[in-house]
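Everything below concerns the one structure shown next.
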Amino acid sequence: MMIAVMGCYGQPLSTREKGTLLGGAAGLGAGALVGSAIGSPGAGAAIGGLGGAAAGYGIGNYMQNQQAYRHGYYY
């Protein structure tokens, strides 16, 4: 239990991390729905989750870079 509580401690998620998390969750759900239609919900969820996380990372990374550029600390 202590390890689970310690895992929640720390700085808030960055825009990139939020995008990855939300994209993965959305892809997981969509992949499970599509996978269940063809009889393989587990594989669909895995593929959808990975694809969604990759897309979410890309979008979150772009948004975080735009925020940094606007605030003058782009690197």
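The values are calculated or read from the model by the stated rules, or taken from the named source; none is laboratory data. Quick caveat, the model's predicted, so the values are computed rather than measured. Here the Cβ is made from the backbone with ideal geometry for all residues, glycine too, and neighbour counts use every protein chain on show.
Does region 55-68 hold any residues that are exposed (fewer than 14 other Cβ atoms within 10 Å of the Cβ) and either farther than 15 Å from Ser14 by Cβ or in contact (Cβ under 8 Å) with a residue 12 or more places away in the chain (or both), and which are they?
Initially, region 55-68 is screened for residues exposed (fewer than 14 other Cβ atoms within 10 Å of the Cβ), giving 62, 66-68.
Passing the criteria: only Gln67.
If you check Leu33 against the conditions, is it in a helix (DSSP H, G or I), touching a Pro at 6+ places or on another chain (Cβ under 9 Å) and either modelled with pLDDT of 95 or more or of a type outside the set (Phe, Trp, Tyr) (or both)?
Numbers: in a helix (DSSP H, G or I): yes; touching a Pro at 6+ places or on another chain (Cβ under 9 Å): yes; either modelled with pLDDT of 95 or more or of a type outside the set (Phe, Trp, Tyr) (or both): yes.
Yes.
How many residues, within region 15-54, are touching a helix residue (DSSP H, G or I) at 6+ places or on another chain (Cβ under 6 Å) and exposed (fewer than 15 other Cβ atoms within 10 Å of the Cβ)?
Residues flagged as touching a helix residue (DSSP H, G or I) at 6+ places or on another chain (Cβ under 6 Å) and exposed (fewer than 15 other Cβ atoms within 10 Å of the Cβ) within region 15-54 amount to 1.
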